[in-house]
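*Asks:* I have a structure I would like to understand better, so I am pasting it below and will then ask my questions one at a time.
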Amino acid sequence: MEETKRDALKKILDGYELKRNQQTQQREDRRSALEKFLTDFMETVQSTITPSFEEFSAGLKARGHPCTIALEKPTGPHDSLTTAKITLTVFPDATTLPHGNPFISYTASPNQRKVAAHRSTITSSGGSIASSIGEYTLGQLNREIVEQHLLDLAETIFSR
C-alpha cells in the first residue's frame with residue numbers, strides 16, 4: 001500500500017477510535033449522572049420522606065388506621081428494571097379495601113432527574129383513583145411538600 005493510502009487509512013482509523021472513545025465517555029458520564037441521582041434520591045428518602053411518613057403513620061396508627069411504608073430500590077447500579085420508590089399505604093379502620101388501599105408514593109425518574117409523586121384515593125362509590133400529584137427536582141422536594149401531600153391524602157380518606 002502506498003504511503004498516501006496508508007496515511008488516509010490511519011486517518012480513518014484514528015477518527016473512528018476518537019469517535020468510539022467519545023461515545024464510551026458519554027455513556028460513562030450518563031451512567032455516573034444516573035447513579036448520582038439515585039444516590040441523592042435515596043438520601044432524600046432517608047432524610048426527608050421517611051421521617052415524614054413515619055410521623056404521619058404513627059399519628060394514624062394511634063387512631064386505629066395502620067400504615068405500611070415500603071421502599072423499593074435497584075439491586076445495583078445497572079438494574080434498570082427496578083424503580084427506586086417509597087410508598088406509604090393507609091389501611092383505614094385497619095381494613096384492606098377490595099379496590100386497593102389509598103397510598104402516596106415518590107418514584108425516582110433518573111432519566112429526567114425528577115421525582116414523581118403519585119397518590120391513590122378512595123372514591124365516594126368505594127373504588128379508588130390514582131393520580132399524579134407532581135414532579136419535583138431533588139432540590140424542590142422538601143419536608144413541607146411531603147407533609148402537605150400527606151395531609152391532602154388524609155383529607156381525601158377521612159373527609160368522605
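*Asks:* Anything in segment 114-153 that is at pLDDT 90 or above and β-branched (Val, Ile, Thr)? List them, or say none.
*Replies:* 115, 133, 137, 145, 146
*Asks:* While we're looking at this one, here's another question. List every residue pair whose Cβ atoms sit under 7 Å apart, with the two residues 6 or more apart in sequence or on different chains, where the first one lies in segment 24-52 and is on the phi < 0 side of the Ramachandran plot and loosely packed, with under 14 Cβ neighbours inside 10 Å and the second, anywhere, is in a helix (DSSP H, G or I) and modelled with pLDDT under 95.
*Replies:* Note: no pairs meet the criteria.
*Asks:* Do we have residue 33 as of a type in the set (A, V, I, L, M, F, W, C), under 23 Å from the mean Cα position of the chain (by Cα) and modelled with pLDDT under 95 here?
*Replies:* yes
*Asks:* Let me ask something else. Within the group 71, 34, 60, 18, which residue is assigned to a helix (DSSP H, G or I) and in contact with a helix residue (DSSP H, G or I) (Cβ under 9 Å, 6 or more places away or on another chain)?
*Replies:* Only one candidate passes the filter, namely 60.
*Asks:* Here's a follow-up. How many of the residues making up segment 117-140 are more than 25 Å from residue 158 (Cβ to Cβ) and of a type outside the set (Phe, Trp, Tyr)?
*Replies:* 5
*Asks:* When you go through (1) in contact with a Phe, Trp or Tyr (Cβ under 6 Å, 6 or more places away or on another chain); (2) among the basic types (Lys, Arg); (3) free of Cβ contacts under 8 Å to residues at least 60 places away in the same chain one by one for residue 113, which number turns out not to apply?
*Replies:* Tallying (1) in contact with a Phe, Trp or Tyr (Cβ under 6 Å, 6 or more places away or on another chain); (2) among the basic types (Lys, Arg); (3) free of Cβ contacts under 8 Å to residues at least 60 places away in the same chain, residue 113 fails exactly one: (3).
The values are calculated or read from the model by the stated rules, or taken from the named source; none is laboratory data. These numbers come from a predicted model, not from an experiment. Cβ: placed from backbone, ideal geometry, glycine included. Neighbour counts: every protein chain shown.
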